[in-house]
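Take a look at the structure set out below.
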Amino acid sequence: MQQAALENPLNRDCLARVYLGRQRSPHQPRQVNFSLRNFNLCLDQMVDLGLPVSSYASAIGEALAVVHWAANVDGYDIEFVLGSETSVKSQPRKAPSLQSTQESSWVVAEGRRKTTGIWVLDFNLCTKWEERIGWEQPEALVEQLVMAFFENDPYYPLPLMDNDLGKQLWSVFRDSYTTKAEEVLAEKDERLRALPNRFINACIEREQQNIDNGLGHGHRQHKG
């Protein structure tokens with residue numbers, strides 16, 4: 001399968017969705033019509049590959065805070081993917097090294113250095129909200145942001161996970177999100193400043209309800 005993927009010209013470019021909120025079932029069958037252009041990279045695969053999942057959680061948390069509080073967009077159906085650029089300078093060949101989303105790099109056969117990072121795509125289904133909604137209808141705004149969080153594909157770490165890695169990734173995501181949101185909102189109306197923490201707490205409350213109702217982690221009401 002690996003050789004076939006390498007030889008397929010459609011795999012010349014790679015788009016890997018970073019699913020920090022999903023792990024494959026141990027008995028999940030091999031993916032049919034495998035393509036690097038449309039690849040869902042689950043958490044267990046990233047761990048097996050030695051990828052810096054905590055750095056990814058931090059980057060996604062920071063990016064979502066910018067989407068919410070700098071762009072005033074709910075983030076509905078956006079995608080977080082691994083992307084790369086080829087630097088102009090050629091580099092001597094080295095072993096693969098992925099240390100952070102900002103500086104991850106490896107060298108392709110031609111000797112060009114590749115760097116990887118988290119890219120945010122597909123804002124076509126997002127809703128933009130007016131800033132006054134944040135103090136006129138804060139409950140409705142938080143509810144909309146929580147809905148968009150859970151109805152998205154499983155890019156985000158989830159709260160209330162049972163395993164240590166899941167707990168760690170949620171903590172990293174939460175701290176990165178709230179820190180960036182505080183930075184962004186420092187220059188905006190002070191009535192908005194409590195909303196990022198209200199969003200985080202509402203996500204935890206909804207996840208607890210999902211668990212209590214036997215729906216499992218990350219249940220999506222509309223997309224299934």
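The values are calculated or read from the model by the stated rules, or taken from the named source; none is laboratory data. Note that the coordinates shown come from a computational prediction; the quantities given were computed from them, not determined experimentally. Neighbour counts are summed over all protein chains in view; Cβ atoms, including those assigned to glycine, are modelled from backbone coordinates with ideal geometry.
Across the range 204-224, which residue is modelled with the highest pLDDT among those that are of a type in the set (Gly, Ala, Ser) and either exposed (fewer than 14 other Cβ atoms within 10 Å of the Cβ) or under 18 Å from Ala71 (Cβ atoms) (or both)? Going through the qualifying residues, I end up with Gly214. Selection of the range 172-208 for residues being farther than 13 Å from Glu62 by Cα and small (Gly, Ala, Ser) yields Ala186, Ala194, Ala202. How about the range 128-141: which of its residues are out of contact with any Gly (no Cβ under 8 Å at 6 or more places or on another chain) and either in a helix (DSSP H, G or I) or exposed (fewer than 13 other Cβ atoms within 10 Å of the Cβ) (or both)? Lys128, Glu130, Arg132, Ile133, Gly134, Trp135, Glu136, Pro138, Glu139, Ala140 - these are the residues of the range 128-141 that are out of contact with any Gly (no Cβ under 8 Å at 6 or more places or on another chain) and either in a helix (DSSP H, G or I) or exposed (fewer than 13 other Cβ atoms within 10 Å of the Cβ) (or both). Taking (1) of a type outside the set (Lys, Arg); (2) over 19 Å from Val53 (Cα atoms); (3) out of contact with any Leu (no Cβ under 8 Å at 6 or more places or on another chain); (4) assigned to a helix (DSSP H, G or I) in turn, Asp175 satisfies each apart from (2). The condition (being under 22 Å from Gln45 (Cα atoms), at pLDDT 95 or above, exposed (fewer than 14 other Cβ atoms within 10 Å of the Cβ) and of a type outside the set (S, T, N, Q)) is satisfied by just one residue among Asp153, Asp164: Asp164.
If you scan the range 63-83, which residues turn out to be more than 21 Å from Met147 (Cβ to Cβ), buried (at least 18 other Cβ atoms within 10 Å of the Cβ) and not β-branched (Val, Ile, Thr)? Within the range 63-83, just Leu82 meets the criteria. Only one entry of Leu98, Leu141 meets the criterion of being modelled with pLDDT under 95, over 14 Å from Gly61 (Cβ atoms) and touching a Leu at 6+ places or on another chain (Cβ under 8 Å), and that entry is Leu98. I'm checking my understanding of the structure. Among residues of the range 180-203 that are surrounded by fewer than 16 Cβ atoms within 10 Å (Cβ to Cβ) and among the hydrophobic types (A, V, I, L, M, F, W, C), which one is nearest to Gln144 (Cα to Cα)? The residue in question is Ala194. Out of the residues in the range 35-68 that are out of contact with any helix residue (DSSP H, G or I) (no Cβ under 7 Å at 6 or more places or on another chain) and of a type in the set (Asp, Glu), which is farthest from Leu141 (Cα to Cα)? Of everything passing the filter in the range 35-68, Asp48 is farthest from Leu141 (Cα to Cα). Quick test for you: out of Thr86, Thr127, pick the one residue that is more than 24 Å from Asn40 (Cβ to Cβ), at pLDDT 85 or above, under 24 Å from the mean Cα position of the chain (by Cα) and of a type in the set (Ser, Thr, Tyr). It is Thr127. All of Ser35, Ser25 fail the test of being at pLDDT below 90 and touching a Leu at 6+ places or on another chain (Cβ under 8 Å), apart from Ser35. Restricting attention to the range 111-146, which residues are hydrophobic (A, V, I, L, M, F, W, C) and free of Cβ contacts under 8 Å to residues at least 24 places away in the same chain? Ile133, Ala140, listed by residue number. Is the range 152-165 home to any residue that is farther than 18 Å from Ala71 by Cα, of a type in the set (Phe, Trp, Tyr) and in contact with a Pro (Cβ under 8 Å, 6 or more places away or on another chain)? No: the range 152-165 contains no residue that is farther than 18 Å from Ala71 by Cα, of a type in the set (Phe, Trp, Tyr) and in contact with a Pro (Cβ under 8 Å, 6 or more places away or on another chain).
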